[in-house]
1. Being more than 12 Å from the ligand (Cβ to nearest atom) and in a helix (DSSP H, G or I) is the filter here, so list the residues in segment 14-38 that pass it.
2. What is the residue count in segment 39-66 for residues that are surrounded by 24 or more Cβ atoms within 10 Å (Cβ to Cβ), assigned to a strand (DSSP E or B) and in contact with a Ser or Thr (Cβ under 9 Å, 6 or more places away or on another chain)?
3. Of all residues in segment 1-13 being surrounded by 19 or more Cβ atoms within 10 Å (Cβ to Cβ) and not in a loop (DSSP other than H, G, I, E, B), which is nearest to the ligand (Cβ to nearest atom)?
4. Any idea which residue in segment 67-107 is surrounded by the fewest Cβ atoms within 10 Å (Cβ to Cβ), counting only those that are in a loop (DSSP other than H, G, I, E, B) and within 8 Å of the ligand (Cβ to nearest atom)?
5. Identify all residues within segment 140-158 that are surrounded by fewer than 22 Cβ atoms within 10 Å (Cβ to Cβ) and within 18 Å of the chain's Cα centre (by Cα); write none if there are none.
6. Which numbered condition in (1) over 29 Å from His209 (Cα atoms); (2) crowded, with 22+ Cβ neighbours inside 10 Å; (3) among the β-branched types (Val, Ile, Thr) is the only one that Val129 fails?
7. Could you figure out which of (1) in contact (Cβ under 8 Å) with a residue 24 or more places away in the chain; (2) touching a helix residue (DSSP H, G or I) at 6+ places or on another chain (Cβ under 9 Å); (3) within 13 Å of the ligand (Cβ to nearest atom) isn't true of Asp44?
8. Check every one of the helices (runs of 4 or more DSSP H) wholly within segment 138-216 and list those with 3 or more residues that are in contact with an Asp or Glu (Cβ under 6 Å, 6 or more places away or on another chain).
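Laboratory data are not the source of any read-out in this text; all were calculated from the coordinates shown. For clarity, every value in this text was computed on a predicted model and none was experimentally measured. Using ideal geometry, Cβ is built from the backbone for each residue, glycine included, and neighbour counts are taken over all protein chains shown.
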Amino acid sequence: MRVALLGGTGDIGEGLALRLARDTDHEVVVGSREEAKAEAAAADYHDAVGGRIEGRQNADAAAGADVVVLAVPPYHVRETVEAVADSLDDAVLVSPGVGMAREAGGFRYDPPPNGSVAELAADAAPDGVPVVGAFQNLAAGALSDLDRTFEFDVVVTGDDADAKATVTGLAEDVEGLRALDGGGLSNSAEVEAMTPLLINLAANNEGMHDLGVRFR
Ligand SMILES: NC(=O)c1ccc[n+]([C@@H]2O[C@H](COP(=O)([O-])OP(=O)(O)OC[C@H]3O[C@@H](n4cnc5c(N)ncnc54)[C@H](OP(=O)(O)O)[C@@H]3O)[C@@H](O)[C@H]2O)c1
């Protein structure tokens with residue numbers, strides 16, 4: 001498959017690009033608002049892990065991709081989807097986004113009015129483009145630390161069974177990730193809301209940085 005990571009120059013994009021390129025045969029396309037930035041990041045990632053990685057401006061990255069991951073800050077999801085809408089072809093859009101607010105005591109879940117970032121992405125997506133929530137509970141630091149092994153779950157939410165199956169397969173191609181069906185897209189808020197908890201636990205407990213979840 002061809003997997004585009006819009007905003008793949010950032011933290012979670014880097015982690016996903018490195019793991020996908022290292023562990024799978026999928027083509028990884030790093031997207032950016034600036035082509036030169038995408039190309040530079042792709043070259044760095046390729047130096048680190050090899051694999052099939054290239055860099056493109058976001059809309060060019062999305063064109064021809066089977067899966068398009070919205071690895072951009074949650075409050076820029078709508079403009080990013082709109083910027084690539086004409087290039088989405090038959091792609092599945094994936095939302096890893098989590099809206100959070102920082103307060104004195106730590107991070108708090110702060111969803112958009114749509115209920116979750118995944119539902120915001122679905123609202124912005126062109127008709128017929130399925131949106132799947134996934135990867136919200138992974139820590140970029142854990143993915144990018146290539147010496148680190150882990151057993152993390154990826155909860156997959158969505159209303160299109162084929163799109164969910166595609167993203168489930170993609171997640172499970174990465175060593176140490178298990179995908180679990182979290183039900184419909186309207187369940188995405190429950191998944192996203194776990195992320196500030198993970199960050200607060202990591203901040204307040206020794207030796208727990210870059211936590212993930214494993215359901216047992
Ligand atoms: N970091 C994590 O550990 C983590 C874990 C789970 C989920 N997430 C979610 O993943 C998403 C990305 O997080 P991140 O930490 O990787 O973010 P980030 O590093 O702050 O940003 C990612 C990329 O977004 C692009 N970007 C920045 N401002 C933008 C704008 N106004 N419009 C469009 N694109 C813009 C930038 O790429 P260009 O400048 O190259 O365009 C940037 O490199 C967020 O929704 C976050 O909630 C993050």
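1. Across segment 14-38, the qualifying residues are Leu18, Arg19, Leu20, Ala21, Arg22, Asp23.
2. 1
3. Only one residue tops the list, namely Ile12.
4. The residue in question is Pro73.
5. Answer for segment 140-158, where residues must be surrounded by fewer than 22 Cβ atoms within 10 Å (Cβ to Cβ) and within 18 Å of the chain's Cα centre (by Cα): Ala140, Gly141, Ala142, Ser144, Asp145, Leu146, Phe150, Glu151, Phe152, Asp153.
6. Going through the list (1) over 29 Å from His209 (Cα atoms); (2) crowded, with 22+ Cβ neighbours inside 10 Å; (3) among the β-branched types (Val, Ile, Thr), Val129 breaks only (2).
7. (1)
8. Output list reads 140-144.
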